[in-house]
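The values are calculated or read from the model by the stated rules, or taken from the named source; none is laboratory data. Model, not experiment: these values are computed from the prediction. When we count neighbours, we look across all protein chains shown, and the Cβ atoms used for this are built from the backbone with ideal geometry, even at glycine. Ligands, DNA and RNA are excluded from the accessible area calculation, which covers all protein heavy atoms including side chains. Shrake-Rupley method; radii C 1.70, N 1.55, O 1.52, S 1.80 Å.
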Amino acid sequence: MDDLDKAILISFDESGAVDSALKAQAVAYCQQFKENPSICSICIERLCFSKLVQVQFWCLQCLHEVLRVRYSSMGPEEKSFIRKSVFSLGCYESIDDKNLVRLLDGPAFIKNKLSQVMVTLVYFEYPMIWPSVFVDFLSNLSKGVVVIDMFCRVLNALDDEVISMDYPRSQEEVAVSGRIKDAMRQQCISQVVRAWYDILLMYRNSDPDLCCSVLDSMRRGAAAGCIHAVAAKRMDPKAKLTLLQSLQIRRVFSLVAEDNDSELVSSVASLLTGYSTEVLECLKRLNSEDGKAVSTELLNEVLPSVFYVMQNCEIDETFSIVQFLSGYVGTLKSLVPLTETQSHHVGQILEVIRTQIRFDPAYRNNLDVLDKIGREEEDRMAEFRKELFVLLRSVGRVAPDATQIFIRNSLASAVASNGDVDVEEIEAALSLLYAFGESLTDETMKTGNGLLGELIPMLLSTKFPCHNNRLVALIYLETITRYMKFFQENTQYIPLVLSAFLDERGIHHPNSNVNRRASYLFMRVVKLLKAKLVPYLETILQSLQDTVAQFTTIYASSKELSGCEDGSHIFEAIGLLIGMEDVPLEKQSEFLSALLTPLCQQVEALLLNAKAQNPEESPAKIANIQQIIMAINALSKGFSERLVTASRPAIGLMFKQTLDVLLRILIIFPKIEPLRCKVTSFIHRMVDILGSSVFPYLPKALEQLLAESEPKELAGLLVLLNQLICKFNTGVRDILEEVYPAIASRVFNVLPRDAFPTGPGSNTEEIRELQELQRTFYTFLHVIATHDLSSAFLSSKSRVYLDPMMQLVLHASCNHKDIVVRKACVQIFIKLIKDWCARPYGEEKVPGFQSFVIEAFATNCCLYSVLDKSFEFRDANTLVLFGEIVMAQKVMYEKFGNDFLVHFVSKGFPSAHCPQDLAEQYCQKLQGNDIKALKSFYQSLIENLRRQQNGSLVFR
């Protein structure tokens, strides 16, 4: 063993026994040896004599590298020597009768490397220098299995390394690929195919591995792709049908059932789908009876294979097949009644749908506990099912009876199944029934026509053994809810519905995901059935006692302040039930008191001595209070303002007492933002149901909410005030005049005096909250102005904020990026002008306001802001804003007369270089009574002025 062999062995050592420095030295030695001018001869000689596979592999790798890098600089003799030597090694021949080693007897990785070397030679030399390579190889196949195997390896390597376009190729490589393919087609491809056929016949029984190698090199999937491309060729439908017939596609049907090659099955599936789609297109486009008959025959021939592929094979073509089947079902709409064959196909399509919507049992535990994998699989399946359920609805319209029978049989099979084993089967059957409901009319749903009257009672009376499974439990409840209109008419089933929701199948299900969803669905059921549930009211409340108690204590040991709010749906459902006028007053008071009294007592107990504690040390207490507020808030949704204020004021008194208790939370926990938000939300509800009787509670509440408010909370408070103003109009004048100065003070203190920062680092949570506060403040000002409450801006305490407010609104009316905000600010000016300026030349109600409007608002907003090219007339919202700006000019003229007109035309227009004749026309239009004509003229005037400026003047 010489130094090179030793160095190769050391460099390939993976045992860890060799010193790393020595290994690095060996690698460097081998690398340096490759620079030897005679390296190719040295490698070939070693391949003839060395029995060390490491040395063989290194030599073949070296030959591969040297050929790729130095081929163009080699002489003709060296190239010839390498060519003959490598070919002899690949064909199991001796080189000059010297070599003692036959590489084809070695391991697969040696033969694969040798095939790479041969392909490299083909890359450079075929067909110009070495035209006989493939023909010569074919003549050696008679030597037996080892050479045939090597030939297959060479063809596979040629496809991977040179020909296949599945890998990125340079322009040079694409050109070489084309050259080799063209030469092979002309010279030897028919001989190669004949050799494949003969080999498969000869070895099909004796050497299946060799046959697999041959089939692999044949690339049947590529052949399928070729036929697919032929079938998809754009042609006249009549000629296309003749072509499709000539393909005799039935000959490939058996491949999907007999072959285990997933790549081949996928390619054949793609071919079948493409072929079927083309035939279907011919059926649609051909009008002749013969053409339709042939198309139908071809479809009938191919459809069983399409169904088999969908039900038994893992393929990527599922979406395309579903699209084809949808198209096929579409053609059946005009063919009712269906033939026996078509009816059979409809049945098969339904079976395909059921097969495809089933979850994989491998994910059962993941889906039940809903971990990350389970969520991903559920999301994937939800998306995947969409098209399948669309297909189901289409089938349901074409063959309603067959579809109902299929769903009935699926459900019956699920009812009779072993739940633990057939979880996915049961879930699929329930999902089919759920999806089927989407295609039913309200009338069908109510009357229970067809098999519906059998299906729904079967569903209600079933308790599946696998009901503890999350997916089964959820789809069961969703399906009952889907068919709720049936129960509105068939009230005899209401007790069964209630049992399903109230027992361990629903609200008492052990899985929290299920019982919370059940609470929400039950609330929806109550909304739909409402008065029909009055006879069962006490039974329902008794069943929910433990759930109600659990809801307000469930987070007692939790460190989280947020919690899940789904549980409050139970209280909303109860509120809807007991809030009906059908419930006698005594019972209503009794039920409401039984809920509100313990909840308020819990709040009072939690608030007791709370001031002495550090709030951060009692997150559970805060979480519990949150839960209770949410519960009471949800409960109140079932009560109307008319009931609690007019017909049954005693009920209103209970809610007032509750409000009194909850407002104390703001005093005890003034800085806990989640609690403040929950109390604010409750005040919103009380405004809705208590009406003006809530007024006595508002000053204290607003004072507390304003005292410690951060920007986000302040925005929430403004929303509450907007609700009050919109509901009671001038009825809240006193409250608003009292609270507005404090709000204005707080807003102007926290909002930046200049524009909000932009660029990197400016999109922070703090900036976003301030922007939202500013936007809500604009809405607040707009609501005040448009509800005849502008006097709130003029009280003695508010006057100090009038100027900053006007500057803020002016700036927004000219510059705000949100067109809706700009429009609101212009409308504020219009309303204030109308409120504060009685008539032309009248006494000024607000000193300085008229001159501010004429000199600042009119010029900057009504002229300069619209001259700016950012004011886009093609935008619909901007056009609406423009209409308000024109209206503002009309109002200013009506109120200020020539004071406005002279300043606007003599001071504003000249700065925009407006020609005198256009200025005169503007005055005429403004003084007229046609607002549409004024708007149209003013738009053309602005566009004209813009063209004159040609972007040279920036208006601000």
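Simple spin-label estimate for ASP207 and GLU454 gives 6.2 nm between the two label positions (7 Å along the Cα-to-Cβ direction from each Cα). Just the protein heavy atoms count here, and of the accessible area of the chain at 1.4 Å, carbon and sulfur take up 51 percent. A simple rule links phi to the HN-Hα coupling: the Karplus curve 6.51 cos²θ - 1.76 cosθ + 1.60 with θ = phi - 60°, which for the range 162-178 gives 10, 8, 4, 8, 6, 10, x, 10, 6, 4, 5, 5, 4, 5, 5, 4, x Hz, with x for Gly and Pro.
By the scheme Lys and Arg +1, Asp and Glu -1, what is the net charge of all other residues having a beta-carbon under 12 Å from that of ARG102? Please report the intermediate quantities before stating the final value.
Values: positive: LYS51, LYS111, LYS143; negative: GLU93, ASP105.
With Lys, Arg at +1 and Asp, Glu at -1, the net is +1.
With the charge dipole of the chain set up from +1 on Lys and Arg Cβ and -1 on Asp and Glu Cβ about the Cα centre, the Cα lying farthest toward the positive end among the listed residues ALA175, GLN921, PRO37 is that of GLN921.
What the Cα atoms of the range 761-838 give is an Rg and a Dmax of 13.5, 49 Å. Extending 7 Å from Cα along the Cβ direction at SER461 and again at ASP105 yields two label points whose distance is 7.9 nm. Taking 0.36 nm per residue of sequence separation and removing the Cα-Cα distance, the GLN939/SER139 pair yields an extension gain of 279.3 nm. Taking Lys and Arg as +1 and Asp and Glu as -1, the other residues whose beta-carbon sits under 12 Å from that of GLN588 total -2.
Across the options CYS188, LEU141, LEU201, the greatest Cα extent toward the positive end of the charge dipole of the range 106-221 (unit charges at beta carbon of Lys, Arg, Asp, Glu) belongs to LEU201. Over the residues of the chain, the helix contribution to mean residue ellipticity at 222 nm works out to -22000 deg cm²/dmol, using -39500 (n - 2.57) for each DSSP H run of at least 4.
Counting only Cα atoms, the size of the range 323-460 along its three principal axes is 47, 35, 27 Å, in decreasing order.
Which of the pairs LYS637/LYS700; LYS823/LYS869; LYS485/LYS587; LYS823/LYS890; LYS831/LYS935 have their Cα atoms more than 21 Å apart in this structure? Pairs exceeding 21 Å: LYS637/LYS700; LYS485/LYS587.
For ALA402, what charge total do you get from the other residues with a beta carbon under 15 Å from its beta carbon, if Lys and Arg give +1 and Asp and Glu give -1?
Values: positive: LYS333, ARG354, ARG393, ARG397, ARG408; negative: GLU340, GLU351, ASP401.
Once positives and negatives cancel, what remains is +2.
Please compute the Kirkwood hydrodynamic radius of the range 43-92 from all pairs of different C-alpha atoms, in Å with one decimal. Walk me through the numbers on the way to the answer.
Numbers: mean 1/r = 0.0874 Å⁻¹.
11.4 Å is the Kirkwood radius here.
Taken along the Cα-to-beta-carbon direction at a fixed 7 Å, the label points for HIS811 and GLU172 span 6.4 nm.
When Rg and Dmax are taken over the Cα atoms of the range 689-744, they come to 10.8, 29 Å.
Per q in 0.12 Å⁻¹, report the Debye log10 I(q)/I(0) for the range 180-255, using one uniform scatterer on each alpha carbon and no solvent. Taking Cα atoms of the range 180-255 as identical point scatterers yields -0.50. P(r) tail, the range 632-761: Cα-Cα pairs separated by more than 26 Å, 26% of all pairs. The angle separating the long axis of helix 765-786 from the principal Cα axis of greatest extent in the chain is about 40 degrees. In the set [x] 28.3, 95; [y] 29.2, 89; [z] 41.8, 124, the label that goes with Rg and Dmax of the Cα atoms in Å computed for this structure is [z].
Magnitude of the charge dipole for the chain, about its Cα centre and with charges confined to Cβ atoms of Lys, Arg (+1) and Asp, Glu (-1), is about 2600 debye. Of the residues TYR864, THR120, ILE227, the one whose Cα sits farthest toward the positive end of the charge dipole of the chain, with +1 on the Cβ of Lys and Arg and -1 on the Cβ of Asp and Glu, is TYR864.
Loop only by DSSP, 11 or fewer other Cβ within 10 Å of the Cβ. Give me the chymotrypsin sites (Phe, Trp or Tyr not before Pro) in the range 746-847 that pass, ordered by residue number. Here the sparse-neighbourhood loop sites are TYR841. Per the Kirkwood formula applied to alpha carbons, the range 848-956 shows a radius of gyration over Rh ratio, Rg over Rh, of 0.93. With no solvent and one point on each alpha carbon, what is the Debye value of log10 I(q)/I(0) for the range 381-517 at q = 0.09, 0.11, 0.19, 0.22 Å⁻¹? The Debye formula, applied to the Cα set alone, gives -0.25, -0.38, -1.17, -1.49. Computed extension gain for LEU52 through LYS532, at 0.36 nm per residue and net of the alpha carbon distance, reaches 163.9 nm.
Sorted on the mean count of surrounding Cβ atoms within 10 Å across their residues, most packed first, peptides 472-485, 705-718, 380-393, 18-31 read 472-485, 705-718, 380-393, 18-31. Converting phi to 3J(HN,Hα) with the Karplus coefficients 6.51, -1.76 and 1.60 and the offset θ = phi - 60°, the range 691-707 yields x, 5, 6, 7, 3, x, 8, 6, x, 4, 5, 5, 4, 5, 5, 7, 4 Hz in sequence order, with x at every glycine or proline. Here the range 616-687 was treated as a single set of alpha-carbon atoms; its pair distances binned every 5 Å from 0 give 3, 15, 28, 23, 14, 9, 5, 2, 1, 0 percent.
Calculate, for GLN542 and SER41, the FRET efficiency according to 1/(1 + (r/R0)^6) with r their C-beta to C-beta distance and R0 56 Å; round to the nearest 0.05. With R0 = 56 Å, the Cβ-Cβ based efficiency is 0.05.
Computed from point charges on the beta carbon alone (+1 for Lys and Arg, -1 for Asp and Glu), the dipole magnitude for the range 786-842 about its Cα centre is near 60 Debye. Eigen-decomposition of the gyration tensor built on the alpha-carbon atoms of the range 871-920 gives equivalent ellipsoid semi-axes of 22, 16, 7 angstrom, largest listed first. Rounded to whole Å, give me the distance from the Cα center of the range 141-205 to that of the range 36-103. Here the two parts' Cα centres lie 22 Å apart.
Place a label point 7 angstrom from the Cα of GLU489 along the Cα-to-Cβ direction, then list the residues of the range 425-455 whose backbone nitrogen is under 20 Å away. Residues 433-455 qualify, since their backbone N sits under 20 Å from the label point. Per residue, the Cα convex hull of the range 801-887 amounts to 87 Å³.
With +1 on the Cβ of every Lys and Arg and -1 on the Cβ of every Asp and Glu, and nothing else charged, how large is the dipole of the range 401-482 about its Cα centre, in debye rounded to the nearest 20? Each step should come with its number before you reach the end.
Numbers: 5 positive and 11 negative charges, 44 e Å.
About 220 debye.
For the range 763-801, backbone nitrogen atoms closer than 11 Å to the point 7 Å from LEU751 Cα along Cα-to-C-beta are found at 771-782.
Multiplying the residue separation of GLN248 and SER132 by 0.36 nm and removing their Cα-Cα distance gives an extension gain of 38.2 nm.
Return the FRET efficiency for the residue pair GLU65, SER190: r is the Cβ-Cβ distance, R0 is 30 Å, and the value is rounded to the nearest 0.05.
About 0.30, to the nearest 0.05.
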